[in-house]
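Take a look at the structure below.
The values are calculated or read from the model by the stated rules, or taken from the named source; none is laboratory data. Small disclaimer: the values here were computed from a predicted structure and weren't measured. No Cβ is skipped: glycine too gets one built from the backbone with ideal geometry, and neighbour counts run over all protein chains shown. Surface areas here come from the heavy atoms of the whole protein model, side chains and all, with no ligands, DNA or RNA. Shrake-Rupley method; radii C 1.70, N 1.55, O 1.52, S 1.80 Å.
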Amino acid sequence: MAPNTSRLLPRAFLAGGALFLLAALGAVPVVPPAWAQKGPHVDAHVRHVAQNTRPKAPARSTRRRLRDYDSYVRYFSGLAYTRSGVNLSTNFVRALIAAESAARPRAVSSAGAIGLLQIRPETGRRAARALYDTGYEFRFVDRRRLRRLSADDLKDPALNILIGCYLLDRYNAAFGDHLARTVGAWNAGPDRVRQYRGTPPYEETVGLIRRVNAFYLFFRRQDARAP
């Protein structure tokens, strides 16, 4: 698992901007009555959401906190976890952290999701063990902590971002770089994506797509303006 400097170039680019939209595990979504049981038709709604999303800056305080974790974001998003030559966008990871926790490493949701990327402890433990079993020595993280991850460990920014990037990459690979379905898997679970044969029809999932995509476009525009 060597660092890879290439950026993830998804096949899910949409007119008017890229749809980078993975979401950390959070509360169980509520099914809006108008979308219930519509399954694949929700993908069309998601495309409409993405095409009409405009860049939006996270709060200034969030951006200030994000800068404290930039070295972790750059390093862990730059690793190829599942496919050689494919890694995550740093701007997407920043957008996801901003949307999920406002860059607060000790944030805990009502559903028990923890840390910058709002990861559930059970999911985090499985991912941490898989990362431990690779035998790879990650920068910023003591590999021994991955063997028996505690819920409190997810409040460690480096551990949280490592586990989050690994999970994001796995879901992205599993759903063929179709990012609307990847966010559905991340937010509602992969079984729900299979059940609906597309983006799960949950208000929380689609709202998260809109928010993360808006932040992503903002960060990407900032990068384009940088000297």
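How much net charge surrounds residue 167 when only other residues with a Cβ under 14 Å from its Cβ are counted (Lys, Arg +1; Asp, Glu -1)?
+2
Using only protein heavy atoms and a 1.4 Å probe, report how much of residue 56 is accessible, in Å² to the nearest 10.
120
Compute, for residue 142, the solvent-accessible surface of its heavy atoms (probe 1.4 Å) with the complete set of protein chains present, and express it in square angstrom to the nearest 10.
My reading of the accessible area for residue 142 is about 60 Å².
Select from the stretch 170-227 those trypsin sites (Lys or Arg not before Pro) which occupy a DSSP coil region and have at most 15 other Cβ atoms within 10 Å, ordered by residue number.
Working: sites: 170, 181, 192, 194, 197, 210, 211, 220, 221, 225; in loops: 197.
The qualifying sites are 197.
Could you pull out every residue, at least 5 positions away or on a different chain, whose amide H is within less than 5 Å of the one on residue 79? Hs are placed 1.01 Å off N in the peptide plane, and Pro or chain starts have none.
4, 88
Would you mind calculating the relative contact order of the stretch 181-227 from Cα pairs under 8 angstrom and at least 6 residues apart, reporting the percent as a whole number?
28
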